1. Let me make sure I get this right: for segment 88-156, a, b and c are the square roots of the gyration tensor eigenvalues over alpha carbons, sorted descending. Under 1.5 in a/c it's rounded, otherwise prolate if a/b > b/c, else oblate. Which is it?
2. Find the Cα radius of gyration of the chain, compare it with 2.2 N^0.38 Å by division, and give the number to two decimals.
3. So how far apart, in nm, are the two label points at Val175 and Ser31 if each is 7 Å from Cα heading toward Cβ?
4. If N is the number of residues in segment 28-137, what value comes out of its Cα radius of gyration divided by 2.2 N^0.38 Å?
5. Name the long-range amide H neighbours of Val207: under 5 Å, sequence gap of 5 or more, or other chain; modelled H, no Pro or chain starts.
6. As a footprinting exposure proxy, order Cys113, Cys103 by other Cβ within 10 Å, with the fewest listed first.
7. Can you work out the Karplus-derived ³J(HN,Hα) for every residue in segment 7-22? Use 6.51 cos²θ - 1.76 cosθ + 1.60 with θ = phi - 60°, whole Hz, and x for glycine or proline.
8. Compute the acute angle (0 to 90°) between the alpha-carbon long axis of helix 32-47 and the principal axis of greatest extent of the alpha-carbon atoms of the chain; round to the nearest 10°.
Amino acid sequence: SMAEEAKKLAAYAAVDNHVQNNQVVGVGSGSTIVYAVDRLADRVRQEKLNIVCVPTSFQARQLILQHGLTLSDLDRHPELDVAIDGADEVDADLTLIKGGGGCLTQEKIVAGCAKHFVVIADFRKDSKALGQQWKKGVPIEVIPMAYVPISRTIARRFGGEANLRMAVSKAGPVVTDNSNFILDWKFEHAQNWKEVNTAIKMIPGVVETGLFVGMAERAYFGMEDGSVQVRD
Ligand code: DER
């Protein structure tokens, strides 16, 4: 499809522009990153690169192992050279909504440990303001026993509603790789995302938000016409 081709364009551009020999690479989660891992594995083989990969989820770990890439972790490599990951939406300031795939917590940790954090996305994620394209809200990972009071606090303080994410292939709620629940906060209007991110994180029981503020250095968008747009 056009979106899949666009994901591939963005992924290849990012891997080709940001991955060099002897590097530690953070591998994101979701569907776009699959193209990046394909490209990374091709380059490692063709160019005999010495690369180690740090995953951001069980999914990313499987991708690394299935492609014969060298798996590492933050114990061995607490500082990464580059982290590459997808996003659900990217606004004009490079503020991201992430977590559509439920992996936001380890993704934000790994992105925060990288010297460079680069986003790869198809044209559907290219937005002017959060909420214009992505309608599923901001994912928030929470400690399960607290999801009701946290949901009420968010709705009361910031408006909208924060709904427990229910699983499709399992009875009951989605359980993250960290054994937590996810609330999807359907916000009603634009916010000061830096302030809101901090305020939500301070609510007891909130583990992490899917708001990545001031973290991404660059975003690559694969476009419908086969071009790649870069936002710095
Ligand atoms: O869940 C996540 O954070 C993913 O990285 C998501 O933001 C992007 O997933 P996609 O590449 O499948 O759109």
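A short reminder: the numbers here are calculations on the coordinates, not readings from a lab. Since the model is a prediction, treat every value here as computed from it, not as a measurement. Reconstructed Cβ throughout: ideal geometry from the backbone, glycine too, with neighbour counts over all protein chains shown.
1. Taking the square roots of the gyration eigenvalues as a ≥ b ≥ c, segment 88-156 is oblate.
2. The value comes to 0.99.
3. 2.6
4. 1.08
5. Glu141, Val142, Ile143
6. Starting with the residue having the fewest Cβ neighbours, the order is Cys113, Cys103.
7. 3J(HN,Hα) across segment 7-22, in whole Hz: 4, 5, 4, 5, 5, 5, 4, 5, 5, 5, 8, 10, 10, 10, 5, 6.
8. So the inclination is approximately 20 degrees.
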